[in-house]
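Some notes on the structure that comes next.
The values are calculated or read from the model by the stated rules, or taken from the named source; none is laboratory data. No experiment lies behind these values; they were computed from the predicted model shown. In this analysis, Cβ positions are derived from the backbone assuming ideal geometry, glycine residues included, and neighbour counts consider all displayed protein chains. Only protein heavy atoms, including side chains, enter the accessible area calculation; ligands, DNA and RNA are left aside. Shrake-Rupley method; radii C 1.70, N 1.55, O 1.52, S 1.80 Å.
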Amino acid sequence: MACKSNPKKSFTFTWILENFEYCGKKTKEFLKSPTFIADTIERSKWSLLIYPRGYESERWVSLYLKREGDSKGPATIEVDYELALLSSDGSAIISQDRHNYVFTKNQGWGFSKFQERESVFAKKSAYPPQNILTIRCKMWKSTGEMQMEGLCVARTRIGIEKKAFLWKIDNFITLDERQEITFKLKSTSDDQPIMFLKLFHRKSWVSSDILIKFVLLNKNIIFSTFKSSLVDAQGNYVNCGHHEFWPSPASGSEKFALSISKDTIMMDRCLYLPNNFLVLQCEQIFSTGIVFEGIENTSYGCPGSFINNNVVPENIETVCVKKPDSDISDLKADLNSMLQDNVLCDVKLNTKSETFSAHWFILTARSPVFRAMFKNDMREKAKDRIDIQDLKPDTVRRMLLYLYTDFLEELDWEIASDLYAAAEKYQILTLKDKCSSFLKTNLSLINACEILLLADLHQDTELKTAVQDFILDNDKIIINSSEWKLLMEANVHLAAETMLLRFKK
């Protein structure tokens, strides 16, 4: 493979794709990167095209390099190029290359079978966190030599909202084919309805299937995934299947059959229907398409470590381009660029394993705790360095992103719990409220006891009450769980206080 060992100067384009798994493109549909200009290759204009479900087959991820139709330079350009998927440490997990390839304007070439789709997601632990896919394209002149190295970094973010919830269906035994049990999902961000879920069953000559009908209320949703598990009397989870669907504007609804039938449930109703309740733990993720895309860094004549370490010399132009309809303002994008590019940072936040650069002014404007720390008599003691040994690096990174942009990345309950504690520590009240809202919305039989401890520790009456109500609504399952035993060992008074509420109702 000539490209991989090519000693000549190259132009490198890195494309960071956030929430790639939920982009919703079907087979033969592609996602296009922000366009970039390779100044060192005749100022030609290019882009990358990725087919998440393949150009020819859903089994494959397809990847192409395209020369744009309005590209400058000669009618044809001959280049060597390499396309690669990167791990979290910047190394290539998979790469393929071509050399001596002639591109005309408005022409793309690449690999229809770049990597098996299942393999990409099976290996996602090797990729950066938060469901991010990082693609690198390296280009060389097939003949001649570039005068200097070129580097460009772009980002595309797919907008998603995740809803995890417990759905309890009472009197499931008596549910007949004419009945539907309805659950209404609302958005956490604006409390507006997203969709109705309607559970019912239909008999066939083989079995009695349990189906869920999704009725779309928010027309901005373009793609959705749904996972569900049945929670049995012992607190164990029985997988009921995973469904992906593209809401149709015409019908506005979609049906999905659970992988467990009503007949199977009825055969062991003592296990599957505690107190005649069917309990489903559900997770639904909605995508609204691209919410941000743009070029983050461009540099020439510098080693790759400048980009990889988020350090850009002052004499290198850095631009942030966004879509006109993006919901991220110019100011937030510019502040985020200052943070990510380490421009004029004057304080460092030290965790046990990572150090983050930031700006005194932003921290003091957004947090009264930082403001108190950064008074003149404290700043000299701090020596431009703050130790935060009790927070995880990812928590500090997310907290900083929120302080600069008000943007909250995709959460799960553990991440939300850590961010909640960080927001409480530094009195970032809006972040604390958002994490609290997420935790209340995503209470489950597994996490309720831990979130109760968290709420009690931080004396959050509202969150604590919500968790206690949830525990009392599911008391027979939770009290017999290992999580409740751990709660009693950690705080027997809190456990007793929660149980006493049963007799006060």
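Note on the stretch 89-246: Cα-Cα pairs beyond 29 Å make up 48% of the total pair count. Stokes-Einstein diffusion for the chain, with the hydrodynamic radius set to the Kirkwood value over Cα pairs and evaluated at 4 °C in a medium of 1.567 mPa s, equals 50 µm²/s. With 0.36 nm allotted per residue and the present C-alpha distance subtracted, the Ser207-Gln107 stretch has 30.7 nm of extension available.
Here the stretch 435-505 has an Rg and Dmax of 10.9, 30 Å, counting Cα atoms alone.
At 1.4 Å probe size, with the rest of the protein present, what percent of the exposed accessible area of the stretch 354-505 is carbon and sulfur atoms? Carbon and sulfur: 54 percent of the exposed surface of the stretch 354-505.
Would you work out what percent of the accessible area of the stretch 213-272, with all protein chains in place, is carbon or sulfur (probe 1.4 Å)? Exposed carbon and sulfur together represent 50 percent of the surface.
Looking at the chain, the DSSP beta bridges with both ends there are about 90 percent antiparallel. Remark: relative contact order (the chain) = 12 percent; criterion is Cα-Cα distance under 8 angstrom and separation of 6 or more residues. Spacing of the modelled spin labels on Glu497 and Ile386, each 7 Å from Cα toward Cβ, amounts to 3.0 nm. Protein heavy-atom surface of the stretch 27-80, 1.4 angstrom probe: 47% of the accessible area is carbon and sulfur, with nucleic acids and ligands not counted. Within the shell of other residues whose beta carbon sits under 10 angstrom from the beta carbon of Asp394, the net charge comes to 0, with Lys and Arg scored +1 and Asp and Glu -1.
The distance separating the Cα centre of the stretch 138-188 from that of the stretch 19-33 comes to 11 Å.
With all protein chains kept in place, the per residue accessible area of the chain amounts to 48 square angstrom at a probe of 1.4 angstrom. Cross-link pairs exceeding 20 Å between alpha carbons, from the set Lys163/Lys392; Lys105/Lys141; Lys440/Lys485; Lys425/Lys485; Lys66/Lys113; Lys227/Lys255: Lys163/Lys392; Lys440/Lys485; Lys425/Lys485. Remark on the stretch 14-143: hydrodynamic radius 15.0 angstrom, per the Kirkwood mean of 1/r across alpha carbon pairs.
Here the stretch 145-178 is scanned for amide nitrogen atoms under 17 Å from the site 7 Å beyond the Cα of Val343 along Cα-to-Cβ, giving 152-155. Computed from the C-beta positions of Leu49 and Lys8 and an R0 of 22 Å, the FRET efficiency is 0.30 to the nearest 0.05. The charge dipole of the chain, taken about its Cα centre with unit charges on the Cβ of Lys, Arg, Asp and Glu (plus for the first two, minus for the last two), comes to roughly 800 debye. Each peptide in 350-362, 228-240, 445-457, 33-45 gets a packing score, the mean of other Cβ atoms within 10 Å over its residues, and the list from highest to lowest is 445-457, 33-45, 228-240, 350-362. Report note on the peptides 458-465, 177-184: ranked by the mean count of other C-beta atoms within 10 Å, highest first, their order is 458-465, 177-184.
Pair-distance distribution P(r) for the stretch 396-456, from all Cα-Cα distances in 10 Å bins starting at 0: 23, 59, 18, 1 percent.
Which of the three applies to the stretch 239-290, rounded, prolate or oblate, going by the alpha-carbon gyration tensor with a ≥ b ≥ c and a/c under 1.5 meaning rounded? Here the stretch 239-290 falls in the prolate category. Model label points for Lys32 and Thr461, set 7 angstrom from Cα along the Cα-to-Cβ axis, are 5.6 nm apart.
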